[in-house]
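Inspection log for the structure reproduced underneath, given as structure tokens.
The values are calculated or read from the model by the stated rules, or taken from the named source; none is laboratory data. Keep in mind it's a predicted model, so treat the numbers as computed, not measured. Note that each Cβ is placed from the backbone with ideal geometry, even for glycine, and that neighbours are counted across all protein chains shown.
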Amino acid sequence: MSNKKKEILLRAYLGFLAVCLLGFAIIGRVFYIQTVQGAYYRGLAESLQIDTMEVVAERGNIYSADGRLMATTLPTFDIRIDFKTTYAHPEIFKENVDSVALMLSLMFKDKSKGEYKNELVTERQKKTRYYLLKRNITYNQLLEMKQWPMFREGQYKSGMLSIQNDKRLMPFGLLAQRTIGFTNTDGRKVGLEGQYDEPLHGKVGEVRVQKIAGGVRIPIDSREDIAPQPGRDVYTTIDVDLQDVAEDALYRSLQYHQAGHGCVILMEVKTGKIKAIANLGAGKDSSYSENFNYAVGESTEPGSTFKLATVASVFEDGLADNNTKIDVGNGEATFYKLTIKDHEAPETPQLTVKRAVEVSSNAAMAKLAYQCYAAHPEKFYKNIEAFGFTKPIDIELPGAGKPVLADPKKWSGVSVAYIAHGYEVQVTPLHTLMFYNAIANGGKMVKPYVVDKVKEYNTTVDSTRTTVLNEHICNEHTIKQLQDILQGVVENGTAQNLKTDYLHVAGKTGTAVIAQGSHGYNNGKKIYQASFCGYFPAEDPQYSMIVVINSPSTNGYYGNVVAGAIFKEVADKVYSLTLNMHKAINKELMAENNLPPLQKASASDLKSIYKFFGVTANDVSGTWAKVTAASPKKAVLTENEMEAGVVPDVKGMSLKDALYLLESMGMKVSIAGRGNVIQQSIEAGTKINKGTTITIQLS
């Protein structure tokens, strides 16, 4: 029995020893892992739970020339709650959940207080880590929510997280949309948004996040975070008011003529700054939108606006002048069995070059060019090249169209004649405008541009200066003759509908039959393109402009009617806003023949008006005054007291003064006519009853 007992004890000791050795081995292994391999495994665990996430920088703004926002970033926020965090401070959640539910209900008005409370309690019981409470709230709403009970305790006590989302906003809606740009359906940015994407984008930041179940990432505070750097701001040359006028005039014209698309470009003559650039095209539902930048990107046959380039070439080579006569016969010119015809029979069988352009004779231009360049087409090409018609224009907008003009070695026998009146050549509207602008600018060709400067933290880091592409595209004598021609087109030619006494315009009409892709020009129905390009005021050019309307189908298709009307509307608006275009006022003559018609007004206004005309007016003590006598040298004013509680005599006042006076006394005013007040429905001196309506008749 003793041996058996010893054997049992031995086995027990051996088993105990084995367990002890195993325990020591485990302890040793743990110690080894913690001390020797601890750093490796801790890093591995952290790499599986902690990650970095890019933080997109706030995108820069795009401004108009006068600093008005045309594109900006509107931040919105998603509010999420890590309910597991709230378990560390249960008293905070319990004490404030009712208040938070009430505040949510009052702010968003989509659920009751009870529904919100039930939602918060349920998600907390589930220990939801990244619960979406609200999506796309505003910054002001976020600031307000951060002051609410519970949420004001901060992220680590309330579990509240705010995730910023940026939304691009255009405060002026679709105004200049294609120029300012946007993100296309394929994710590609167009316009200035695309061309200036890098400076606008800024530099992304970096934030540390913790990965939790479901692949969700929660931001955590870390000294390793890198703050994003906001994007730079782009300031354009666009004038919002003129842009609005251009787009509105273009839109109405496209609708009226049921046209396919069109564009307007308005540019400063001396600088090349583009002040307005409108592009509208018809959609499937017959509405119009900025679906393509036709002004910059579409190359088509220019038609008759190109005739000026032909004449400029001939003049520059000394082969003709404005008085050179061209035999046009009955208005037809035939070259190798191909006949070029005028729209109307010529007034005489012979036309001077100046008159030929004024009436836009195709036959005259074809004959003139053929006589001068048929034997040496390369000379014609060289001049066209010098006028800027053979290369794309390096403008800040992407997608600049390429001109199409074959090498003269490939020209046919009729090419010179057809190019002469705007065919066998394709250019963008911007090319044509740049050439006409050079004529207006005394021969100096400047590069058009649409971005004035780029700023970072209100400091200019890049600016655009006027770039001269060619100091003299033609000699001074040629430029003077071309300017005379363009003025003659409006005074005596095809654009007489643009003639006014107050603003003299110079320019050229264009009516082209455009090719239809592979179908060419003969596809049963002719497709026209109407255009007008010119500048104003003719005697001191400050602005140049081109209008191009593609495929008008109703109410006419000629350039003077379709495009000229838009040109005039925009030019009139520019004129009304640009005081230095207005003729100087002869104040003495105006005072002598047309003294201010106001008989009653505020005393200070009357004094200022008469002072402007150089007429002396005496001081009066009261607020209101009336004119008792006036001459070209002196006006006599007397006090015009207004008795409280009775209807004043407003006859002889301006509408502005009469409205102010009557409404300040508690009366409602009905207006008939225009001008100054000549009659009032309630006699002066009548006691006023509050809310009484008085009708005033204006002259």
Fill in the blank from the handout: Checked region 371-391 for anything in contact with a helix residue (DSSP H, G or I) (Cβ under 6 Å, 6 or more places away or on another chain) and without any contact (Cβ under 8 Å) to a residue 40 or more places away in the chain; matches are Pro377, Glu378, Tyr381
Problem - Boolean, Val328 is assigned by TED's automatic domain parsing to the domain that holds Tyr558, aliphatic (A, V, I, L, M) and out of contact with any strand residue (DSSP E or B) (no Cβ under 6 Å at 6 or more places or on another chain) - result: no
Exercise for the section: Look at region 333-342 and say how many of its residues are surrounded by fewer than 24 Cβ atoms within 10 Å (Cβ to Cβ) and touching a helix residue (DSSP H, G or I) at 6+ places or on another chain (Cβ under 6 Å). Expected result: 3
Completion exercise
Within region 142-164, of all residues that are among the aliphatic types (A, V, I, L, M) and more than 19 Å from Lys94 (Cβ to Cβ), the one modelled with the lowest pLDDT is Ile163
Handout entry: Candidate set from region 397-411 (those that are in contact with a helix residue (DSSP H, G or I) (Cβ under 9 Å, 6 or more places away or on another chain) and in contact (Cβ under 8 Å) with a residue 60 or more places away in the chain); member that is farthest from Ile238 (Cα to Cα)
Key = Pro403
Practice task
Could you grab me the full set of residues in region 386-424 that are out of contact with any Lys or Arg (no Cβ under 8 Å at 6 or more places or on another chain) and among the acidic types (Asp, Glu)?
Solution key: Glu396, Asp407, Glu424
Practice task
Within region 343-369, count every residue that is touching a strand residue (DSSP E or B) at 6+ places or on another chain (Cβ under 8 Å) and crowded, with 20+ Cβ neighbours inside 10 Å.
Solution key: 13
Practice task
Could you pull out every one of the strands (runs of 3 or more DSSP E) wholly within region 617-699 that has 3 or more residues that are surrounded by fewer than 17 Cβ atoms within 10 Å (Cβ to Cβ) and within 46 Å of the chain's Cα centre (by Cα)?
Solution key: 668-672, 693-698
Completion exercise
By residue number, the members of region 251-298 that are at positive phi and either of a type in the set (Asp, Glu) or surrounded by fewer than 21 Cβ atoms within 10 Å (Cβ to Cβ) (or both) are Gln258, Ser286
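Per-residue answers, yes or no, for (1) touching a Gly at 6+ places or on another chain (Cβ under 8 Å); (2) under 21 Å from Gly510 (Cα atoms); (3) part of a strand (DSSP E or B):
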position	(1), (2), (3)
Thr305	yes, yes, no
Ala312	no, yes, no
Thr339	no, yes, yes
Lys354	yes, yes, no
Met365	no, yes, no
Cys372	no, no, no
Lys382	no, no, no
Thr390	no, yes, no
Exercise for the section: For region 433-456, indicate whether the set of residues that are more than 30 Å from the chain's Cα centre (by Cα) and either assigned by TED's automatic domain parsing to the domain that holds Tyr373 or in contact (Cβ under 8 Å) with a residue 12 or more places away in the chain (or both) is non-empty. Expected result: no
Exercise for the section: Can you give me the number of residues within region 80-116 that are surrounded by 13 or more Cβ atoms within 10 Å (Cβ to Cβ), of a type outside the set (A, V, I, L, M, F, W, C), in a helix (DSSP H, G or I) and touching a Lys or Arg at 6+ places or on another chain (Cβ under 8 Å)? Expected result: 4
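Yes or no, residue by residue, for (1) in a strand (DSSP E or B); (2) touching a Lys or Arg at 6+ places or on another chain (Cβ under 6 Å):
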residue: Glu123; (1), (2): no, no
residue: Leu132; (1), (2): yes, yes
residue: Arg135; (1), (2): yes, no
residue: Gln141; (1), (2): no, no
residue: Pro149; (1), (2): no, no
residue: Asp166; (1), (2): yes, no
residue: Gly173; (1), (2): no, no
residue: Pro199; (1), (2): no, yes
Problem - Selection within region 251-277 - at pLDDT 95 or above and small (Gly, Ala, Ser) - result: Gly262, Gly272, Ala276
Fill in the blank from the handout: Expected single match for in contact with a Ser or Thr (Cβ under 8 Å, 6 or more places away or on another chain) and hydroxyl-bearing (Ser, Thr, Tyr) among Thr459, Thr494, Thr500, Thr478 is Thr494
Completion exercise
Of the residues in region 648-671, those that are closer than 11 Å to Ala684 by Cβ and either touching a helix residue (DSSP H, G or I) at 6+ places or on another chain (Cβ under 8 Å) or in contact (Cβ under 8 Å) with a residue 60 or more places away in the chain (or both) come to Pro648, Val650
Handout entry: Answer residue from region 175-197, given it is in a loop (DSSP other than H, G, I, E, B) and surrounded by 14 or more Cβ atoms within 10 Å (Cβ to Cβ) and is modelled with the highest pLDDT among those
Key = Tyr196
Problem - strands (runs of 3 or more DSSP E) lying entirely in region 450-550 (those with 3 or more residues that are surrounded by 24 or more Cβ atoms within 10 Å (Cβ to Cβ)) - result: 506-513, 528-536, 543-550
Problem - Hits in region 117-141 - residues which are under 30 Å from Arg59 (Cα atoms) and surrounded by fewer than 17 Cβ atoms within 10 Å (Cβ to Cβ) - result: Leu132, Arg135, Asn136, Thr138, Tyr139, Asn140, Gln141
Exercise for the section: Within region 416-434, count every residue that is surrounded by 24 or more Cβ atoms within 10 Å (Cβ to Cβ) and part of a helix (DSSP H, G or I). Expected result: 10
Exercise for the section: Tell me, please, whether a residue that is in contact with a Phe, Trp or Tyr (Cβ under 7 Å, 6 or more places away or on another chain) and either in the same structural domain as Leu200 (by TED's automatic domain parsing) or within 30 Å of His261 (Cα to Cα) (or both) can be found in region 374-388. Expected result: yes
